[in-house]
Structure formats: C-alpha cells, structure tokens
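Every number in this text was worked out from the coordinates using simple rules, so none of it is lab data. Please read these numbers as outputs of a predicted model, since none were measured by experiment. With ideal geometry, Cβ positions are generated from the backbone for all residues, glycine too; neighbour counts draw on all protein chains shown.
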C-alpha cells in the first residue's frame, strides 16, 4: 500500500484489518504516518510517537531479558511474513525460532507480558509498512546513530505527486491549464519563432516566460471587470483560473496544482476537491475584481496559492499529525507567485490573497458543501430514476394494452372468417 492509499484510508477510517490486527485503533494507525517536505508533521504528534516507541522498546527489554534490539525488528517483520520468532499464549520468550515457558510467574503476569509482546509486534508491523520500524529505530539507537524525522526513504514525501487515477480532479485541472495554454499561445507561434531566429531571442524568451498573448482565448477566459459588471459574465471568476502570465508561471502552477491537489484530494476525496478548487478560483477572481491593479486579470497563480493554503489548513486541522502541511516546492512556488504578482499587474497580490482565502474556506466548508452537493445530486438522481421508471411502466402498460387490443382484433377477425365460411 503506497502513501496515497494509506492517507486515503486514514481519512476514511477504513481500518479493516489490513495490517493484521483488528485491535489496532485509529489513533494508533494515525500515529504511524510519517511527515515529509519542508515542514514536517506536527511536533506534538512526533513527540507522542517517539514516547510510545521508547516505552515499547523499554518494556520489551525489561520484560524479556534475552531479547536484543535486533530481535525487536525481527519480531516486527515476522508478524507480517515469515516469522523469525513466535508468540503464543504459553510462550513469553522470543528468540530465533525457539520457545521456552517462563517459570515462577503468575498467570496474570504472563497475560500482561503476552499482551505487551503482541502490541509491540503489531506496532513494529505498522511501522514497517510506512518505513519506520521500531526494530530499525532500536538498532539505530544502539549503533549511536540519530535518525532524522521524515527523511526515511519509505515515509511520506511532501513533494510527491499522487497517481492521476487517485486524484482525477486535480489531474484534470492541471491538464486543462496546459490545454488552455496551448490554445492561448498557438496564434503567436509564428511571431515567437521569428523573434527566436532573428536576433531577438533574449527578448522573445523573456516575453514567453513572463507575459501573456493577446489572443481570442485570453479575451474569452480572462477576468474582465467590465464584462463582469456590465455584461454579467460571472463565469470569468472561474475561467480566469486557467490562465497564467507566461510559460514559467504555467509550469510552476500546473506542477503546484498537482502537488498540493494530490494531498487535498487524496485525503478529502474528489467531491470535496471540486468544491475546494471552485472556491480557490472564485476567491482569486473576486480578489482581482474587487482590488485588482488592472481591469483584466489572470488567476492561475491564485488557484495554485489557494490549493497550498487548503493543504496547509487541512494539515493543521482535520489532517493534523497525519500528513505534512506543505512541501519544499510549495515554498518555492509561493515565492515565485509573489514575485510574479509584484511584476505583473494582471496577476497582483489581490489574486493571491483571494485564492488563499478561498483555499482556507474550501478546507473548512468543503465537507458541508460537498454533503449538500451530494444530497442534491442524489435527490435529483432519485427523482430522475423514479420518473424514468414511471415512464417505462407507462410505456409497458401502453404496450400491453395495444398488444391486448391487437390480439382481440385478430381473434375477432378469425371468428368472423370462420362464420363466413360456415355460411
């Protein structure tokens, strides 16, 4: 199970014995998720986890004198696969495959020690699944090494992207940004090529990287205060979120959407991700409409900023201790978006602020709004299915009546024919 499915299972509470023991609680599961990225998981969760690991290791060493630090890791691995040791009701000593009963102990003491061994083994198995086995920690401590939290190879990586099939909403959003950029820039490709091949490469590259073309796609999708206020084209609040000021912001924001959106959608689900993305785009568009430095605007950077704000809020609230709260590239993209907002009036800081507020609101309101949306969709679907069923039933009854009339007509015609022959 990779980190994305583990994160989704944690969010949904689907702890159905996938790690072997039904007694493992949700709290124990969540305590074993490692942090990653620039800012790791909360210090409180890390301190609680380190204390639990130290307590388990201490109890194992005190209660089972013959067990070494290496045997702890072997026991944890043995629960999930080929056991190097064995644990049973009459066995309190773990070694390399041997079993020996402990003399002179009461049944209560034996039961307590057995429960401690089982809890430690299950904990080691959980740790091993996310790349932080207690055995490995004990071995590192014995060797005098100090392991840095969140830096293990198999732990959560804040800079990673989830598979597109697991996060379809953010994947489609990033793809839509690229598709719109191709349509937006296509009419000026000849001009750009002419500049690159006729001694204007430096100017052309700078324009490609930091400006946007004045093309029909830009006119149709950009935030336009006049079009919104006079013509009522409110859809521009959302469509402006697909536009970027240059290819450099496009690359950064599309990648940022996939990065931040992976964590938000993997934890919250696709329906809440749709609500969050819409609120990010609407917030960025409203920021430009109300406080923008220009009459037209591009809100793609605001959507990217909003998703990172949603991830941060999620990591500090519902996902606290389960997920990292940002990534290295998130910090980098935030700085680049701030620089672009200062350089390009069509972006502006109002766009970034509106997108961030939309992301925070999306994280806090998405569960309620998604539930309302789901209920409305379910009710609409139920009504539509009921109407379709009623229509099919009406058609069936109508066909039955028509068929009965045809049968009666043919029978009457047959009777008439027989009567005529009899005459």
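The table below lists the values:
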{"item": "Prolate/oblate/rounded label for region 153-232 (Cα gyration tensor, a/c 1.5)", "result": "oblate"}
{"item": "Approximate shape of region 168-375 as ellipsoid semi-axes (Cα gyration tensor, √5λ), whole Å, largest first", "result": "29, 19, 15"}
{"item": "Ascending count of other beta-carbon atoms within 10 Å, so fewest first, for 223, 177, 340", "result": "177, 340, 223"}
{"item": "Which of 228, 416, 322 has the fewest Cβ neighbours within 10 Å, and the rest in rising order", "result": "416, 228, 322"}
{"item": "Förster radius 35 Å - calculated FRET efficiency between residue 416 and residue 395 (Cβ-Cβ, nearest 0.05)", "result": "0.65"}
{"item": "For region 351-423 versus region 327-343, the gap between their alpha-carbon centres in whole angstrom", "result": "51 Å"}
{"item": "Residues 349, 410, sorted so that the one with the fewest Cβ neighbours within 10 Å comes first", "result": "410, 349"}
